[in-house]
Amino acid sequence: MSILRENFLWGGAVAAHQLEGGWDQGGKGVSVADVMTVGAHGVPRRITDGVLQGENYPNHEAIDFYHHYKEDVKLFADLGLNCFRTSIAWTRIFPNGDEAEPNEEGLQFYDNLFDECLKYGIEPVITLSHFEMPYHLVTEYGGWRNRKMIDFFAKFARVCFDRYKDKVRYWMTFNEINNQANYAEDFAPFTNSGIKYQEGEDREKIMYQAAHYELVASAQAVKIGHEINPDFQIGCMIAMCPIYPYSCDPKDMMMSVSAMQKRYWFTDVHVRGHYPSFMENYLARKGFDLDITEQDLTDLTHGCVDYIGFSYYMSFAIKDHEKGPAFDYDESKDLVKNPYVEASDWGWQIDPLGLRYAMNWFNERYELPLFIVENGFGAIDEIEADGTINDQYRIDYLKAHIEMMKEAVEFDGIPLIGYTPWGFIDLVSAGTGEMKKRYGFIYVDKDNEGQGTLKRSKKKSFDWYQQVIKSNGEKL
Ligand code: P53
């Protein structure tokens, strides 16, 4: 008997733009990921004005999954996955985002990919929008600052649901919709919402407007999906980094509550179908006169999600910053280092118990099934003289997190659908655009400069994860 349920979904997670490549093939349009250069830890990726000559755009080729998917899916089957989380590149289906008709060649690509997965008993788990919206929607409409996005997205969702209704059951609408709570940096607003800020704009207000339109679009999509196939399970996708109080000073505790509200209110709307009171009061206090219609509020109530998909990599900590009773949180400034945990080479704080905490937080608040759709350890891998890669550090990280996930099920009774570790085949980092920040069990020969044979090989973690799946999480 294992602790996890019998049909537990063991998988791996990726996103179209981070592995497919083929950025201009099969009729695909330019996405926001296609105009982002390579960065590094502490060096942000640049967003260029369109695709420029002489720049290094790592997502253009990525690991060329577009041409390697058959051999790759075979490897996934060898690994033993029973599900595969990827996204549908919006720009393969609607290259510009505002076309009347979808691009058949793009639709066919995902038919082929899903058929290939299903052939091996691997169930596709699909994110509709994962940091890859059409760039044309940015230049022509200003991205999600524009209400028109709701219709474009709803149409894209409808086309996907309709086409793949017999091949896909688990869906998610917007990947890590809450990253944009960090609106001070350019990365999240652009990748989440296709927003490029002008000098002097009120970034925060624009973020709340964009997020509102996305939440309405998500709710519409959930409704459409359930009409097309009542068996669909449609979830949200939240980047969960719990924010601990730095100390037991009551002010630190209250600061943590306020910070959690500002980072996770998105989930409240997705799950409950309405804005929480603290957010209504906050928006009013700030004087943000957002475009929120009565119809929007009705739409929200009709599109509550079926489950909560979330990523978990790290936890945060916060101190009271003497802000008075508002305890207003600024994600770009207010977080402090947690002295009790270690961090990765990219500064991500490693905290396995935080995963159990996060699962309890979600469960207490929402009582919905949870799906851990990302977790993983970005690290530099060294190839030994004999060609092997002994990524014990990655195994250690994942083992510790799976242990905590199991404790959450065993001790806290949390309903858990599955676990899909991130980037189980090496791919382009979203945050930095690097190849050398690797998460995979499958190594891909390619470096930050874009050089390499693209050859795939198994790391030590491959065999490890294979036995984890085989034993339904008992053999770690
Ligand atoms: P990379 C920030 C914080 C937590 C998760 O990230 C994040 C980010 C954005 O960088 O992104 C998710 O590649 C995201 C994936 C991404 C993965 O985590 O920056 O859903 O697309 O690749 C890991 O190391």
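Computed from the coordinates by the stated procedures, all read-outs in this text should not be read as laboratory data. All of these numbers come straight from a predicted model, not from anything done at the bench. Glycine gets a Cβ as well: all are built from the backbone with ideal geometry, and neighbour counts include every protein chain shown.
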- Determine ³J(HN,Hα), in whole Hz, for all residues of region 317-322 in sequence, where each value follows from phi through the Karplus function 6.51 cos²θ - 1.76 cosθ + 1.60 and θ = phi - 60°; x replaces Gly and Pro. 9, 9, 10, 5, 10, 6
- Query: In region 5-50, with Lys and Arg counted as +1 and Asp and Glu as -1 at Cβ, which of these residues, V35, L9, G22, has the Cα nearest the positive end of the dipole, that is, farthest along it?
  - Reply: L9
- Query: Could you give me the ³J(HN,Hα) list for region 85-90, computed from phi with Karplus coefficients 6.51, -1.76, 1.60 and θ = phi - 60°, whole Hz, x at Gly and Pro?
  - Reply: 8, 9, 10, 9, 5, 3
- Any idea which of Q53, P124, L427 is furthest toward the positive side of the dipole for the chain, if Lys and Arg beta-carbons carry +1 and Asp and Glu beta-carbons -1? P124
- Item | Taking Y110, Y120, Y69 and counting other C-beta atoms within 10 Å, the order from fewest to most | Y120, Y69, Y110
- Lys, Arg +1 and Asp, Glu -1 on Cβ, resulting dipole of the chain about Cα centre, debye, nearest 20: 580
- Message: What are the ³J(HN,Hα) couplings of region 126-135, residue after residue, when phi is run through the Karplus curve with 6.51, -1.76, 1.60 and θ = phi - 60°? Round to Hz, x for glycine and proline.
- Response: 10, 9, 7, 10, 10, 6, 8, 5, x, 5
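Dipole of region 332-476, Cα-centred, from +1 at each Lys and Arg C-beta and -1 at each Asp and Glu C-beta, to the nearest 20 debye?
Using only the charged Cβ atoms, the result is roughly 280 debye.
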- Taking H placed 1.01 Å from N in the peptide plane, check which residues at least 5 places from I318 or on another chain put their amide H under 5 Å from its amide H. Y244, Y246, V336
- Query: In nanometres, what is the gap between the two model label sites at E367 and D78, each 7 Å from Cα along Cα-to-Cβ?
  - Reply: 4.7
- Query: How big is the gap, in Å, between the Cα center of region 58-84 and the Cα center of region 404-476?
  - Reply: 13
